[in-house]
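Structure record follows, encoded as structure tokens.
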């Protein structure tokens, strides 16, 4: 399985290197449309190789998607957290009830200790 993972990442690396080599030409990015830049008398332009623009766009898109999904899943995480707390409370209650109802069989204390659920330290 490790070999398969290494082969996959090697293929990804080769593809990224090929994309980078094929798109080395410089590209000028404008932060504002030309009429707004002329109106405000500023011209924020950046000249970068095209492969950097492609990789930055993909990275920003992945980051935005990650944040969007994290925000979207917030209600599910809150619900799961509350259910975990309720489950822990119910398990504790069941363990306490078992301890209360544990009856020694025929007066044998050893069997009663073996039948009783173990308490966790802490």
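Read-outs: derived from the displayed coordinates by stated rules, not from any lab. Because the structure is predicted, anything quoted here is derived from the model rather than measured. Using ideal geometry, Cβ is built from the backbone for each residue, glycine included, and neighbour counts are taken over all protein chains shown.
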| Sequence of 62, 50 once ranked by neighbouring C-beta atoms within 10 Å, starting from the fewest | 62, 50
| remark: Using alpha-carbon coordinates alone, the radius of gyration and Dmax of the range 2-72 in Å work out to 17.6, 58
| request: Work out, step by step, the length gained on full extension between residue 71 and residue 2: first 0.36 nm times the residue separation, then minus their alpha carbon distance; give nm to one decimal. | output: 21.5 nm
| request: For the chain, just the Cα atoms, rotate onto the principal axes and tell me the three extents in Å, largest first. | output: 94, 46, 21
| Taking the chain as a Gaussian network, where each spring joins two C-alpha atoms under 10 Å apart, which residue of 26, 37, 57 fluctuates the most? | 37
